[in-house]
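One structure is given below, encoded as structure tokens.
FYI, it's all coordinate maths here, none of it is from the lab. All figures in this text were calculated on a predicted structure; none of them were measured in a lab. For neighbour counting, all protein chains shown are included, and Cβ atoms are generated from backbone atoms with ideal geometry for every residue, glycine included.
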């Protein structure tokens, strides 16, 4: 089970393409139960869908994929059973938020709600119903797994022993990487620019309500939200989503179907919103975002402010973390002392992970230096000014204890957690009712489950 189970707890879930494949009216094959853990059943279609998901993600499918998938699925069921027995809390709101985020990802992938429903052969409501049980199981399994390994710690001696077991020619090769922190200021637009944005939104609202233009066509031309420009400003949202601006989200549940809101402000800019439909805690809306334009004068003022902050840093009158807390407007790095976190949740970033303007800023910096303020535009199209602190820069190298201790320690810790989890399973499996279909009993991965089944019969 080992690493496969940890991977599954991190990524287990239903996929739209798997749903779509099983919903196509081609050849109908009767589903069947291939395993039972306690009162939890695993169907042949569950295994099929997992393999379809691997193929969709371009993951190499091993020859024993069906055996591995069944072992993983049974491991999930065992964790879920114990989580339920221990009454671990997973709320309906948490499940709904995850479902909503997953649906939003799929809509982004397929281009629109209508195209998603077409590909899946199901409505959004039906897809959410399909997701609900596996996602709840996913969260229960994750909670149980975390409880089992929550007290596992690693010592420097264990890290060293782990490292020494790795064949030297198997040690990772790392590109040049940097650890960087930033302080960002987003200058505020002049009141005249804000008034102009508000007036534009009021005119859009009048045109929509008079029937001269429809909301989607205006949004596709004028909205400054890149995430919804191609869909005419449309989003499908859930009341309990934690990823959306609360002011913006709250507006979706105060409107009546077809109603267009008055202009309102969020941290992103000014909006108008139209409710398309609402069913319980789910809603479909369209919105138009206008960001008041910042002039060169405001940008220069932001640069002056950052110049003063840089002087304080160089003089040692304030440390970088404190400066971030007091002055930075960037939400993503404000609570990490300004540190930019990479895609793998590491503090290290390769050059190709940084935006092109950041790369230019780092070009002439040496470790320990602060850059001069530089203007840039973030991924939402918002103008800002920032200074960067270069904490470390590594040369391309093979993994070693001096430069990569934290990474090695993390892998060593995960291996130790795996061993603890495996030991927990070996003790728990025999306490559950186990049934494995004859087709899978010969799988080496089924040894412990077959043994547990035999002791129960």
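If you take the beta carbon distance between residue 168 and residue 202 as r and set R0 to 60 Å, what does 1/(1 + (r/R0)^6) give as a FRET efficiency, to the nearest 0.05? In this case the efficiency is close to 0.30.
Distance between the 7 Å Cα→Cβ label points at residue 362 and residue 304: 3.2 nm. The simple spin-label model puts a point 7 Å past each Cα toward its Cβ; for residue 438 and residue 293 those points are separated by 7.6 nm.
Can you give the calculated 222 nm mean residue ellipticity of the chain, where each DSSP H run of n ≥ 4 adds -39,500 (n - 2.57) and the sum is split over every residue, rounded to the nearest 500 deg cm²/dmol?
Computed mean residue ellipticity for the chain: -15500 deg cm²/dmol.
Take the Cα of residue 401, step 7 Å toward its Cβ, do the same at residue 447, and the gap between the two points is 3.3 nm.
Residues of region 272-288 with an amide N closer than 20 Å to a point placed 7 Å from the Cα of residue 114 along the Cα-to-Cβ direction: 274-279, 283-288. FRET efficiency for the residue 161 to residue 410 pair, using the beta carbon distance and R₀ = 22 Å, is estimated at 0.90. Highest average first, the peptides 66-79, 365-378, 150-163, 230-243 ordered by how many other beta carbon atoms sit within 10 Å of their residues are 66-79, 230-243, 365-378, 150-163. The length gained on full extension between residue 125 and residue 214, counted as 0.36 nm times the residue separation minus their Cα-Cα distance, comes to 29.5 nm. What is the distance in Å between the Cα centres of region 375-425 and region 294-334? Comparing the Cα centres of region 375-425 and region 294-334, I get a distance of 25 Å.
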